[in-house]
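Peer 1: Dumping the structure here so I can ask a few things about it.
Just so it is clear, none of the values below were taken in a lab; they were calculated from the coordinates. None of the values given here were measured: they were computed from a predicted structure. Neighbour counts are summed over all protein chains in view; Cβ atoms, including those assigned to glycine, are modelled from backbone coordinates with ideal geometry.
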Amino acid sequence: MTTTKKIAVVGAGPAGIYFADAMSRLDPSARIDVLERLPFPYGLVRYGVAADHQGTKSVTQILARAMRRPNVRYYGGVEIGRDLSLAELDQIYDAVVLATGASRGRTVEFPAEDDCESVCAFDLARWLNGYPGLPPFSRKPLRSVAIIGNGNVALDMVRLLAKPANVLARLDLSTEGVQWLQSNALEQIDIIGRGRAGETRFSVAELGELAQLEYFQPLPEQLDLLECGETRNNGALEVLRRFSVAPVRDARPIRFHFGCVISRYERGALHVLFSGKPRKLAADLVIHAVGQHAGGLPGIGGGDAREGIEHSNGVVSGRESTFAVGWAMGAGRGTIPESRGSAQAVAQLVAAAACKPSGSEREASLERILNARVVRYVSWDAWQRIDRSEIELGRMSGKIRHKYQTASECADAIIQSSHQHKLATSIREPAS
Ligand SMILES: Cc1cc2nc3c(=O)[nH]c(=O)nc-3n(C[C@H](O)[C@H](O)[C@H](O)COP(=O)(O)OP(=O)(O)OC[C@H]3O[C@@H](n4cnc5c(N)ncnc54)[C@H](O)[C@@H]3O)c2cc1C
């Protein structure tokens, strides 16, 4: 008798869905349930990747194909640790794959006065992208901003802050996010890095894109480029050198400060030391774009744990048949293709692992538990209705998409498209 292998995937970001994709190919008889705490799939592709990079976001089309496979099911709006415990998943499934992504942004520590505003790029990206359930907060219009970090997320922040109002209005950003970006009257943007100009993590393409900004011009100072450090990123250094000798346009400056130590943030100015010499940079807001803390689940990394889930090549330490993929595995950094790589490698391990002895007796118990607890979930079919409704609503207001943020908006979208009243009205508000 062949036994159907049952696998739970916690998290429907790219890593979780790439895992489901690889697993469903390796073992077409396996049943793969993807559980996601939000009604909406795709994790940081929806809530992190910059809205002006729709080409990158179109990876959702590939991910959606995987979710439509007959042996893959979606349970949106089900949070492990709230609706169901990991121990319960262990009882239902032969293997549990944690794809919980990052939990929060990292910050650089320095003394700051209470009224000096700072935010992590991770949180700001989520807010701009309409992440559900975030506490409301009003952002003051900015005249100056300092961004700490020398990676692509810092560049994402620069582009969104520097793009013209009419371009921003067409993207799939939240209404409040667009209003705030449009209210800013930025005179300058400063990018601050601890490493030297040759040691950045900027990609050549994304750095080069800054030259196309209409109202801003990237202007690194030649002095900062002279001491370029280890030059482990020659391509980006070349682009910076080109920027530094380009004719100065009538545009607002994007300035780069490399090899900096931040000493304090007071009275709307960030004080930094460059080669031991002080510089004072006006900053109504400081954005920390220095990475994320990997997430996890209660009792298994995440929370206050700094480096997420402890594992060896994706096999979670001290637990049976539990695996980790994507950002949940490590330092909360890496690209979408890297998440695919880790997901495919772990799928091989899960495919090779044996089923638990009582596998065939556990049929449908996930639904039984969810029904008993009155936890209604969003199926893939329901998500597709929400998706179509978001695109249609966006089209009517000249945007790529209007993202829903509340369960009642989702419920309305499902009702309108299918009259599935019972399912739709019972979707709960997502927790933050
Ligand atoms: C601002 C920003 C911009 C980026 N831009 C790019 C880019 O341009 N190109 C690129 O390649 N990469 C980019 N990345 C990186 C990319 O987003 C990640 O590589 C990728 O999203 C990691 O995938 P993941 O599935 O591990 O995590 P995530 O995308 O975070 O997905 C994790 C999922 O797990 C869910 N989850 C968490 N806990 C639970 C729980 N207890 N129960 C159920 N579900 C849970 C979450 O809701 C989420 O949907 C960017 C990242 C950020 C922050």
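Peer 1: E338 versus D123, label points 7 Å from Cα toward the beta carbon: distance in nm?
Peer 2: 2.4 nm
Peer 1: Along the stretch 123-129, what does the Karplus equation 6.51 cos²θ - 1.76 cosθ + 1.60 (θ = phi - 60°) give for ³J(HN,Hα), rounded to whole Hz, x for Gly and Pro?
Peer 2: 5, 5, 4, 4, 5, 4, 8
Peer 1: If contacts are Cα pairs under 8 angstrom and at least 6 residues apart, what is the relative contact order of the chain in percent?
Peer 2: With pairs under 8 Å counted, the relative contact order is 22 percent.
Peer 1: Which GluC sites (Glu not before Pro) in the stretch 226-289 pass both tests, a DSSP loop state and at most 13 other beta-carbon atoms within 10 Å?
Peer 2: Numbers: sites: E227, E230, E238, E266; in loops: E227, E230.
Answer by residue number: E227, E230.
Peer 1: Just Y265, Y42, Y215 to compare: in a GNM of the chain, with alpha carbon springs under 10 Å, which one fluctuates most?
Peer 2: Maximum among the listed residues: Y215.
Peer 1: Give me the extension gain from Q222 to E187: residue separation times 0.36 nm, minus the current Cα-Cα distance, reported in nm with one decimal.
Peer 2: On the way: separation 35, 0.36 × 35 = 12.60 nm, distance 2.11 nm.
Length difference between fully extended and current span is 10.5 nm.
Peer 1: Multiply the residue separation of A352 and Q416 by 0.36 nm, subtract the distance between their alpha-carbon atoms, and state the gained length in nm to one decimal. Write down the numbers at each step before the final one.
Peer 2: Numbers: separation 64, 0.36 × 64 = 23.04 nm, distance 4.42 nm.
Once the chain is fully extended between A352 and Q416, it gains 18.6 nm.
Peer 1: What size of dipole, in debye to the nearest 20, comes out for the chain about its Cα centre when the only charges are +1 on Lys and Arg C-beta atoms and -1 on Asp and Glu C-beta atoms?
Peer 2: Working: 52 positive and 48 negative charges, 127 e Å.
Approximately 620 debye in magnitude.
Peer 1: So how much slack lies between Q384 and T406, counting 0.36 nm per residue of separation and subtracting their Cα-Cα distance, in nm? Walk me through the intermediate numbers first.
Peer 2: On the way: separation 22, 0.36 × 22 = 7.92 nm, distance 1.62 nm.
The span from Q384 to T406 would gain 6.3 nm if fully extended.
Peer 1: If you don't mind, another one. Please turn the phi angles of the stretch 268-276 into ³J(HN,Hα) values with the Karplus equation 6.51 cos²θ - 1.76 cosθ + 1.60 (θ = phi - 60°), one per residue in order, whole Hz, x for glycine and proline.
Peer 2: These are the phi-based 3J(HN,Hα) values: x, 9, 9, 9, 10, 10, 10, 6, x Hz.
Peer 1: Still on this structure, please answer the following. For the stretch 107-288, give the share of DSSP beta bridges that are antiparallel, in percent and rounded to the nearest 5; count only bridges with both residues there. Walk me through the numbers on the way to the answer.
Peer 2: Details: 12 of 33 bridges.
Here the share of antiparallel DSSP bridges comes out near 35 percent.
Peer 1: Follow-up. To check you understand DSSP bridge types, tell me what percent of the beta bridges within the chain (both residues inside) are antiparallel, rounded to 5.
Peer 2: Working: 20 of 60 bridges.
For the chain, the DSSP antiparallel bridge percentage is about 35.
Peer 1: Moving on to the next point. Any idea how far apart T3 and R395 come out in nm if each label point goes 7 Å out from Cα toward Cβ?
Peer 2: 4.9 nm
Peer 1: Are there any trypsin sites (Lys or Arg not before Pro) in the stretch 31-68 that are in a DSSP loop and have at most 15 other Cβ atoms within 10 Å? List them by number. Let's see the in-between values first.
Peer 2: Values: sites: R31, R37, R46, K57, R65, R68; in loops: R37, R68.
Here the trypsin sites (Lys or Arg not before Pro) that fit, given the DSSP loop and packing criteria, are R68.
Peer 1: Kindly give Rg over Rh for the chain, based on alpha-carbon atoms, with the Kirkwood expression for the hydrodynamic radius. Mind dumping the intermediate values first?
Peer 2: Working: Rg = 23.1 Å, Rh = 23.0 Å.
With Rh from the inverse mean 1/r over Cα pairs, Rg/Rh is 1.00.
Peer 1: Which stretch or stretches of the stretch 35-65 have amide N atoms under 19 Å from the point lying 7 Å from N166's Cα along the Cα→Cβ direction?
Peer 2: Answer for the stretch 35-65: 52.
Peer 1: Could you give each residue of the stretch 48-62 its phi-based ³J(HN,Hα) in whole Hz, using Karplus coefficients 6.51, -1.76, 1.60 with θ = phi - 60°, and x for Gly or Pro?
Peer 2: Ordered by residue, 3J(HN,Hα) equals x, 3, 4, 5, 8, 10, 5, x, 5, 5, 5, 4, 4, 5, 5 Hz.
Peer 1: Please give the helix 336-352 orientation as an angle from the longest Cα principal axis of the chain, in degrees from 0 to 90, rounded to the nearest 10.
Peer 2: Helix 336-352 sits at roughly 30 degrees to that axis.
Peer 1: Net charge around S417, counting only other residues with Cβ within less than 14 Å of its Cβ (Lys, Arg = +1; Asp, Glu = -1)?
Peer 2: Values: positive: R385, R388; negative: D381, D387, E390, E392, E409, D412.
Residues close to S417 contribute a combined charge of -4.
Peer 1: Report, in debye and to the nearest 20, how large the dipole of the stretch 107-288 comes out about its Cα centre when Lys and Arg carry +1 and Asp and Glu carry -1 on their Cβ.
Peer 2: Working: 21 positive and 23 negative charges, 59 e Å.
In total the dipole reaches around 280 debye.
Peer 1: OK, next. Picking from G149, I400, P298, whose Cα lies most toward the positive end of the charge dipole for the chain (charges on Cβ: Lys, Arg +1; Asp, Glu -1)?
Peer 2: I400
Peer 1: Also: What's the center-to-center distance, using Cα atoms, between the stretch 178-195 and the stretch 110-166 in Å?
Peer 2: Centre-to-centre (Cα) distance: 8 Å.
Peer 1: I've got another one for you. Holding the Cα-Cα limit at 29 Å, pick out from K57/K280; K140/K399; K140/K280; K163/K403 the pairs that are longer than that.
Peer 2: Numbers: K57/K280 37 Å; K140/K399 24 Å; K140/K280 21 Å; K163/K403 20 Å.
From the list (K57/K280; K140/K399; K140/K280; K163/K403), the Cα-Cα distance tops 29 Å for K57/K280.
Peer 1: Another question, then. With N set to the residue count of the stretch 189-315, report its C-alpha Rg divided by 2.2 N^0.38 Å to two decimal places. The partial results should precede the final answer.
Peer 2: Working: Rg = 17.9 Å, N = 127, 2.2 N^0.38 = 13.9 Å.
For the stretch 189-315, the normalised Cα radius of gyration comes out at 1.29.
Peer 1: Mind giving me the nanometre distance, one decimal, between the label points for Q212 and H53, set 7 Å out from Cα along Cα→Cβ?
Peer 2: For the pair Q212/H53, the computed spacing is 1.3 nm.
Peer 1: In which sequence would L35, L171, L349, L219 go, from the one with the fewest C-beta neighbours within 10 Å to the one with the most?
Peer 2: Numbers: L35 26, L171 22, L349 14, L219 18.
Starting with the residue having the fewest Cβ neighbours, the order is L349, L219, L171, L35.
Peer 1: While we're on this one: Can you tell which of Y377, L186, G133 lies farthest toward the positive end of the dipole of the chain, using +1 and -1 charges on the Cβ of basic and acidic side chains (Lys, Arg; Asp, Glu)?
Peer 2: Among Y377, L186, G133, the one farthest towards the positive end of the dipole of the chain is Y377.
Peer 1: Let me check against my output: what whole-number percent is the relative contact order of the stretch 107-288, with C-alpha pairs under 8 Å and at least 6 apart?
Peer 2: Numbers: 344 pairs, mean separation 57.4, N = 182.
Normalised by residue count, the contact order of the stretch 107-288 is 32 percent.
Peer 1: What do you get for chymotrypsin sites (Phe, Trp or Tyr not before Pro) in the stretch 120-173 restricted to DSSP loop and a cutoff of at most 15 other Cβ within 10 Å of the site's Cβ?
Peer 2: Values: sites: F122, W127, F137; in loops: F137.
Answer in residue order: F137.
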